[in-house]
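Worksheet: one structure, shown below.
The values are calculated or read from the model by the stated rules, or taken from the named source; none is laboratory data. From a predicted model like this one, the values you see are computed outputs, not experimental measurements. Positions of Cβ are generated from backbone atoms using ideal geometry, with glycine treated the same way; all protein chains shown enter the neighbour counts.
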Amino acid sequence: MRKPFIAANWKMNKTLGETRSFLTEFIPLVQDVKDIDIIIAPPFTSLQSASELIRNTNIKLSAQDIFYEDKGAYTGAISPVMLKDAGCTYVIIGHSERRQYFKETDEVINKKIKAARQHGLNVIFCIGESLEERESKKTLDILKMEITEGLRDVHLDGVVVAYEPIWAIGTGKTATPEQAQEAHKYIREQLALNYGDRAKEVRILYGGSATPENIDSLMNCEDVDGALVGGASLKADSFARIVKFKRQ
Ligand code: PGA
């Protein structure tokens, strides 16, 4: 059995004050939830404060990005050591917004994943196709390439994969459960080619306009083990409902 995994990706949202208000409201809403990994990924500036607030709760902390060197002359970058120091146990790597706006390549993403794992940080590794790629029937090829390049020489321990079709991110257009299941199943098959039976244990999250309204049907899919939630994770009650999804 794969333990469900629900993560909030706040992106470039929430000041320190807003982080505190969210957590003050959110922690009691989910304190009785068991057997689900609950993760929040605030911006760097809120990490330490969030880490203090979630101490002794069932919520874990993730960063949204990382750099692959431990320290040095890399203006603006944050190292694995610093993330651990701030209380993170997870880091999101390869998000499509990092690929698009910060020109991250599969090679850079692979280096980041290796650096995170070397330091014992768990990784939420994001992959997914654009609308153009889907319409030209390249979805599975893109997923295969991103998995092969991103996970080159990486063990699967401590890695969670997030399937995030770019056309569904922040657009209100969610993948149908059938589309999600098809992609997730394919991702698991690709992982099995490299890692054998270990692929059966890997959690594969869906991301892209996941909401309280559609989470139940997405979580009903056999290979959907959780969600990476952007917009609908910014409000405590909305994210709590997603954490408390219902499988039929
Ligand atoms: P969204 O973002 O839920 O706002 O579509 C998901 C993500 O980008 O991780």
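Which one of Thr148, Thr176 is of a type in the set (S, T, N, Q), surrounded by fewer than 17 Cβ atoms within 10 Å (Cβ to Cβ), at pLDDT 95 or above and within 16 Å of the ligand (Cβ to nearest atom)?
Working: Thr148 fails: within 16 Å of the ligand (Cβ to nearest atom).
Only one candidate passes the filter, namely Thr176.
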Requested in this report: Please indicate, with yes or no, whether at least one residue in segment 42-57 is within 19 Å of the chain's Cα centre (by Cα), buried (at least 19 other Cβ atoms within 10 Å of the Cβ) and assigned to a strand (DSSP E or B).
Outcome: no
Requested in this report: All but one of (1) assigned to a helix (DSSP H, G or I); (2) in contact with a Leu (Cβ under 6 Å, 6 or more places away or on another chain); (3) among the hydrophobic types (A, V, I, L, M, F, W, C) hold for Cys88, so report the exception by its number.
Outcome: (1)
Query raised in the report: Which one is farthest from the ligand (Cβ to nearest atom), of the residues in segment 222-248 that are under 25 Å from Leu156 (Cα atoms) and touching an Asp or Glu at 6+ places or on another chain (Cβ under 8 Å)?
Result: Gly226
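Sort out which residues of segment 197-207 are within 16 Å of the ligand (Cβ to nearest atom) and among the hydrophobic types (A, V, I, L, M, F, W, C), and write them in order of number. So that I can check it myself, show each step before the final result.
First, pick out the residues of segment 197-207 that are within 16 Å of the ligand (Cβ to nearest atom): 203-207.
Those that are within 16 Å of the ligand (Cβ to nearest atom) and among the hydrophobic types (A, V, I, L, M, F, W, C): Ile204, Leu205.
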**Report entry** Options Phe67, Phe5; residue that is within 16 Å of the ligand (Cβ to nearest atom) and at pLDDT 95 or above
**Finding:** Phe5
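Confirm whether Ala210 is within 15 Å of the ligand (Cβ to nearest atom), without any contact (Cβ under 8 Å) to a residue 40 or more places away in the chain and either surrounded by fewer than 18 Cβ atoms within 10 Å (Cβ to Cβ) or not in a loop (DSSP other than H, G, I, E, B) (or both).
no
Could you please let me know if Lys138 is within 16 Å of the ligand (Cβ to nearest atom), charged (D, E, K, R), free of Cβ contacts under 8 Å to residues at least 40 places away in the same chain and more than 24 Å from Lys3 (Cα to Cα)? Outline the logic, then answer.
Numbers: within 16 Å of the ligand (Cβ to nearest atom): no; charged (D, E, K, R): yes; free of Cβ contacts under 8 Å to residues at least 40 places away in the same chain: yes; more than 24 Å from Lys3 (Cα to Cα): yes.
In short, no.
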Query raised in the report: Restricting attention to segment 217-232, does a residue exist that is under 30 Å from Pro28 (Cα atoms), free of Cβ contacts under 8 Å to residues at least 40 places away in the same chain and not charged (D, E, K, R)?
Result: yes
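For residues that are free of Cβ contacts under 8 Å to residues at least 60 places away in the same chain and under 13 Å from Ile124 (Cα atoms), scanning just segment 155-164, find the one that is surrounded by the most Cβ atoms within 10 Å (Cβ to Cβ). Before you say what the answer is, go through the steps one by one.
Initially, segment 155-164 is screened for residues free of Cβ contacts under 8 Å to residues at least 60 places away in the same chain, giving 155-159, 161, 163.
Next cut, under 13 Å from Ile124 (Cα atoms) only: 156-159, 161, 163.
Working: Leu156: 17, Asp157: 11, Gly158: 15, Val159: 21, Val161: 28, Tyr163: 26.
Filtering segment 155-164 for residues that are free of Cβ contacts under 8 Å to residues at least 60 places away in the same chain and under 13 Å from Ile124 (Cα atoms), the one surrounded by the most Cβ atoms within 10 Å (Cβ to Cβ) comes out as Val161.
For Phe239, are the conditions met, namely being among the hydrophobic types (A, V, I, L, M, F, W, C), touching a strand residue (DSSP E or B) at 6+ places or on another chain (Cβ under 9 Å) and part of a loop (DSSP other than H, G, I, E, B)?
Numbers: among the hydrophobic types (A, V, I, L, M, F, W, C): yes; touching a strand residue (DSSP E or B) at 6+ places or on another chain (Cβ under 9 Å): yes; part of a loop (DSSP other than H, G, I, E, B): no.
Taking the combined requirement at face value, the residue does not satisfy it.
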